[in-house]
Each structure stands twice: as C-alpha cells, then as structure tokens.
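The values are calculated or read from the model by the stated rules, or taken from the named source; none is laboratory data. Bear in mind the structure is a predicted one, so any value in this text is a computation, not a measurement. Positions of Cβ are generated from backbone atoms using ideal geometry, with glycine treated the same way; all protein chains shown enter the neighbour counts.
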Amino acid sequence: MTGTDTHRAIDAVWRIESPRLIAGLARIVRDVGLAEELAQDALVTALERWPQSGIPDNPGAWLMAAAKHRAIDSLRRKKLLERKHEELGRELEVEQETAGPDLDAALDDDIGDDLLRLIFTSCHPVLSPEARLALTLRLIGGLSTDEIARAFLAGEPTIAQRIVRAKRTLAEKQIPFEVPRGAELATRLASVLEVIYLIFNEGYSATAGDDWMRPQLCEDALRLGRILAGLAADEPEVHGLLALMEIQASRVGARVGPSGEPILLLDQNRARWDQLLIRRGPVIEDTHQRLADELGSVREIVSRLLRSFEDRGWVKLERERVTVLDPKSLAALAAHQG
C-alpha cells in the first residue's frame, strides 16, 4: 500500500470512527472539546506511524487506546481526581496484558450510550441553532470545518469560530455529558430532531447559493437519523422523522434537470426515484409494533402517498418546508386525500 493509499484509508477510518472515539473520550474527561482534541492527537499519531507499520487490524480500537493514553496524561497534568487516574490506569493495564480481545472492547464498551450522550450534548438548547448544526456535523457527522463551511456557503473562519464558541459554552455552562430523562427528554429530543431535519432541509431545498439542492447534506442527515434511530429505538418521533426523510430523499435524483433546473413532483420521472429509500421509509420492524400503531399504520399512509401524483400533501412538500417533527405529520399528509 502506497503512502497515498494509507492516508486515504486513515481518512476513511477517521470519518467512520471519530464519532464513537469522541463519544467514548467525552465520557472519560467530561469535556467535549477536550475529547475532540485527544481524538485528533490520536489521529496525528496514526498519521505518523501507520504509513510505516501498516494499518492495524482494528484501527478504531487502536485510536481509542492511543487517545486514552493521552487522556491519562491530560488528567494528570490538570491534577483531576486521583481515583479517576487509577481507574483509567487499571483499564489500560488490563488492555495491555490481554492484548487483542480487550482492544475490541475498548471501542465498543457502552459505545451506544456514549454516542447518544454526544448527540444530546451537541444539540443542547443552550447553544444557538447555528452552533448546534455546526457542532453536530463536526462531532457526529465527522465533517471537517472546511466541508461544513462549503456545505452552508459560509467562510471557514466563521464556522471554526462557531464550533469553538459552542464547545466553550458547553464547558462554561458545565453541561453534563448525559442523556436527559423524565420530562426533559421530550424537549431535548425535539432539539436533536430539529438539528437533523434542518441539515436535511438545507440539503433538500438550499436557502442560499445557486444550487437548488445539496444532496450531500441530505445524506449526512439520513446518516445521523439512522444512528439516532438505532440508539433510541423506542422513540416514535425519531422513526417518524427518519421515515419522512427517507421518502423525501428517494426523489432527490429526479428533482433536478440536466442544467440544474428544478423539476416539481408532477413533472418528475418516477423511474429515477430511489426504490430502496422508498421501501425503507415505511418499514417499521416487528419489535416496534407499538410505534407503528402510534403512526396510524405508516406503511399504509406511505403507500397511499406513492400511488397518487395528485396528493396535495406531496405537492406542498415541493414548495414549502415541513416544520412538523411529530410522526403524526405523515398521517396529516395522507389526510389531504380525504
């Protein structure tokens, strides 16, 4: 493998593993900004070593182990709780003694809970909507500052400062790295769904620039929605939003003509609709039967939507933004058919 191939592989590994890496480190140091710095330090180490030593069998676990070493150094420098030092030290000693098998556990231990905590922290209401968008795309989406800036047609320094201020605010406000519970969960979940849908909507119907759509943002939002649906499997609103985005995204390839001109629903070539996304939209697993009941039979609703070009709800989606995040919005769209 050439040096260029290795760097491309490292970039791909980072894009996939960085959210889980940052989430796991944030649980240890309780600081999202510091967690990202530690993760990036581990990435720098990989860039220095892997071109010579080769990419390890489990690159994510390698990065986690390297970052945990740096986390210990950071905690010692800042003279944090001695008990935390000992716990982290014991954890690394066990990993080193048992080698391979426990390196896998280093990355996967509680990773679902960690990712969920990171998502809720990145979308905390204490941050402005713009800051939540940028921080979520950076930490969960794995996008670089430059990629976020290009996606939203903003200057890179502006996005960089937005991210820095967001992390500083979380630290200064001492926002806990946790999943909210009780009555607070509904409010906080709405904030998370809002961020994901704003990302999707900016891709589906761009508010600035010459292009009518930015498909990459739609893909990023779908990826975030699928992650959240996997982590919060019992939350109806999550699946309702994901179903809506899957169905909307199925028509992305048919919404623009050869010269970039917009093509509204009635004029679209249905053969260009993505059948996989259409099928994914209404799918609710058997284990989520309660969810299907709450949605008023999502499968039936979506089938009715797809059967009719004359559905006013779909035409409305072409011309206006959907702002209702309640899963019952799907039922409301179907109701237009009478």
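Conditions first: (1) in contact (Cβ under 8 Å) with a residue 24 or more places away in the chain; (2) farther than 24 Å from Leu135 by Cβ; (3) among the β-branched types (Val, Ile, Thr). Ile263 passes all but one, so which condition is the exception?
Only one criterion in (1) in contact (Cβ under 8 Å) with a residue 24 or more places away in the chain; (2) farther than 24 Å from Leu135 by Cβ; (3) among the β-branched types (Val, Ile, Thr) is unmet by Ile263, namely (1).
Can you find, within region 115-150, the residue that is modelled with the lowest pLDDT among those that are within 20 Å of Ala232 (Cα to Cα) and of a type in the set (Val, Ile, Thr)?
Per the criteria, the residue is Ile140.
Which count do you get for residues in region 130-154 that are in a loop (DSSP other than H, G, I, E, B) and either farther than 17 Å from Glu202 by Cβ or of a type in the set (Phe, Trp, Tyr) (or both)?
3
If you take the residues of region 220-240 that are charged (D, E, K, R) and in a helix (DSSP H, G or I), which of them is modelled with the lowest pLDDT?
Glu237
Scan region 175-189 and give yes if some residue there is at pLDDT below 85, of a type in the set (S, T, N, Q) and closer than 23 Å to Val238 by Cα, otherwise no.
yes
Please specify each residue of region 11-44 satisfying the condition of being more than 18 Å from the chain's Cα centre (by Cα), among the β-branched types (Val, Ile, Thr) and at pLDDT below 90.
Ile28, Val29
May I ask you to list the residues in region 133-179 that are on the phi > 0 side of the Ramachandran plot and within 15 Å of the chain's Cα centre (by Cα)?
Gly142
Step by step: first the residues of region 241-297, then only those that are within 20 Å of Leu228 (Cα to Cα) and basic (Lys, Arg), then the one that is modelled with the highest pLDDT. Which residue is that?
Among them, the one singled out is Arg279.
Say we look at region 235-254 and pick out the residues that are β-branched (Val, Ile, Thr) and over 15 Å from Leu198 (Cα atoms); which of these is surrounded by the most Cβ atoms within 10 Å (Cβ to Cβ)?
Checked region 235-254; the qualifying residue surrounded by the most Cβ atoms within 10 Å (Cβ to Cβ) is Ile247.
Could you identify the single residue in Ile119, Ile163, Ile175, Ile196 that is assigned to a loop (DSSP other than H, G, I, E, B) and aliphatic (A, V, I, L, M)?
Residue meeting the stated conditions: Ile175.
Report, by residue number, each residue of region 47-63 that is of a type outside the set (Lys, Arg), surrounded by fewer than 21 Cβ atoms within 10 Å (Cβ to Cβ) and part of a helix (DSSP H, G or I).
Residues satisfying the conditions are Leu47, Glu48, Trp50, Pro51, Gln52, Ser53, Pro59.
Does Ala186 satisfy the criteria of being part of a helix (DSSP H, G or I) and more than 25 Å from Leu143 (Cβ to Cβ)?
It is true that Ala186 is part of a helix (DSSP H, G or I) and more than 25 Å from Leu143 (Cβ to Cβ).
Taking the residues in region 203-219 that are touching a residue at least 60 places away in the same chain (Cβ under 8 Å) and not in a loop (DSSP other than H, G, I, E, B) as candidates, determine which candidate is surrounded by the most Cβ atoms within 10 Å (Cβ to Cβ).
Leu217
Name the single residue, out of those in region 241-270 being closer than 18 Å to Phe200 by Cβ and not in a helix (DSSP H, G or I), that is nearest to the chain's Cα centre (by Cα).
For region 241-270, the residue satisfying everything is Ser250.
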